[in-house]
């Protein structure tokens, strides 16, 4: 009944996991202590909640894990100009708001139908969402550290509802990466340091979004033409070769080619930034940072270093 309701609300996948502590607690602690989280201090600031759902919601027994397919078809880029690519997840409206609204509606329905307390979460909350999704059978955590579903692939936006209700749990997903290492070999910066291990400090998504200072000059040429985020390790994944197209209008790309003219971005005013990126997840980066990225893409197109 919960799953049917979740699908009615626009979620493509749903599973239920026990709200037990993370099995990756010590790995996460070492990963953070080693500095591989870069400047993302928020990952450590609520460590206990992140490592144990019951610390985030006292009395938590179950986690309802949902996923939305965000794979959209892109048009050919306009001719002329230098185009900077945008990660697919950021092309529609801000997924945080989309998922939160739907999760709140689902949580309201659950409490009215069965009682208990709930807490909804997207990736800004201290929840090990990928581990939970795998535990709930939504998909497995692949070698590129993305959640992969055998039918839909890895173009998945995740959300969770923690509840004090004890619900029947699903079987965890089976890892089907096998011997494949396409994502590892394709990453231009070597950010996937080993299967299932990512050094965020080298990741193009981290560099163009989370990292607010100057990007290491040695890494700038490797950013290539990525203006915001990066999809390389997903583009090469075999499970994405026949990805289902999302028909959710909220995720329709505002930039049909999935790119922007970086020379135009460099000239944007504050009003331009607000107008073009209204209700967009791209506003995770401020205008100076976006111009920094655009300049790197422009220089890379000219074969120059900054």
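A few notes on this one:
- Meets criteria (more than 26 Å from residue 153 (Cα to Cα), in contact with a helix residue (DSSP H, G or I) (Cβ under 7 Å, 6 or more places away or on another chain) and crowded, with 16+ Cβ neighbours inside 10 Å) for residue 106: no
- Check on residue 170, surrounded by fewer than 20 Cβ atoms within 10 Å (Cβ to Cβ), out of contact with any helix residue (DSSP H, G or I) (no Cβ under 8 Å at 6 or more places or on another chain), part of a loop (DSSP other than H, G, I, E, B) and touching a residue at least 40 places away in the same chain (Cβ under 8 Å): yes
- The residues of region 97-120 that are touching a strand residue (DSSP E or B) at 6+ places or on another chain (Cβ under 9 Å) and under 30 Å from residue 226 (Cβ atoms), listed by number, are 98, 99, 100, 102, 103.
- Complete set of residues in region 109-144 that are on the phi < 0 side of the Ramachandran plot, surrounded by fewer than 18 Cβ atoms within 10 Å (Cβ to Cβ) and free of Cβ contacts under 8 Å to residues at least 60 places away in the same chain: 111, 112, 114, 123, 124
Residue-wise test of (1) surrounded by fewer than 20 Cβ atoms within 10 Å (Cβ to Cβ); (2) touching a strand residue (DSSP E or B) at 6+ places or on another chain (Cβ under 7 Å); (3) at pLDDT 95 or above; (4) under 24 Å from residue 145 (Cα atoms).
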| site | (1), (2), (3), (4) |
| --- | --- |
| 198 | no, yes, yes, yes |
| 208 | no, yes, yes, yes |
| 214 | yes, no, yes, no |
| 241 | yes, no, no, yes |
| 271 | yes, no, yes, no |
| 274 | yes, no, yes, no |
| 289 | yes, no, yes, no |
| 300 | no, no, yes, no |
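- Inter-residue pairs, beta-carbon under 9 Å, first at positive phi and in contact (Cβ under 8 Å) with a residue 40 or more places away in the chain and in region 190-217, second surrounded by 19 or more Cβ atoms within 10 Å (Cβ to Cβ) and not in a strand (DSSP E or B), 6+ apart: 196/142; 196/143; 196/144; 196/177
- Taking region 1-30 as the range and being surrounded by 14 or more Cβ atoms within 10 Å (Cβ to Cβ) and out of contact with any helix residue (DSSP H, G or I) (no Cβ under 9 Å at 6 or more places or on another chain) as the test, the residues that pass are 3, 12.
- Whichever residue in region 36-50 is farther than 30 Å from residue 115 by Cβ and out of contact with any helix residue (DSSP H, G or I) (no Cβ under 7 Å at 6 or more places or on another chain) and, among such residues, is surrounded by the most Cβ atoms within 10 Å (Cβ to Cβ): 47
- Exactly one residue out of 85, 100 is surrounded by 20 or more Cβ atoms within 10 Å (Cβ to Cβ), at pLDDT 95 or above and either outside any strand (DSSP E or B) or out of contact with any helix residue (DSSP H, G or I) (no Cβ under 7 Å at 6 or more places or on another chain) (or both): that is 85.
- Residue count, region 56-75 (criterion: assigned to a loop (DSSP other than H, G, I, E, B) and either in contact with a helix residue (DSSP H, G or I) (Cβ under 9 Å, 6 or more places away or on another chain) or in contact (Cβ under 8 Å) with a residue 12 or more places away in the chain (or both)): 10
- Of the criteria (1) within 14 Å of the chain's Cα centre (by Cα); (2) modelled with pLDDT under 95, which one residue 152 fails: (1)
- The one condition from (1) modelled with pLDDT of 95 or more; (2) under 19 Å from residue 7 (Cβ atoms); (3) in contact with a strand residue (DSSP E or B) (Cβ under 8 Å, 6 or more places away or on another chain) that residue 131 does not meet is (2).
- Hey, residue 53 closer than 19 Å to residue 134 by Cβ, touching a residue at least 12 places away in the same chain (Cβ under 8 Å) and loosely packed, with under 15 Cβ neighbours inside 10 Å or not: no
The values are calculated or read from the model by the stated rules, or taken from the named source; none is laboratory data. Remember, predicted model here, so these are calculated numbers, not experimental data. Please note: Cβ atoms are built from the backbone with ideal geometry, for glycine as well, and neighbour counts cover all protein chains shown.
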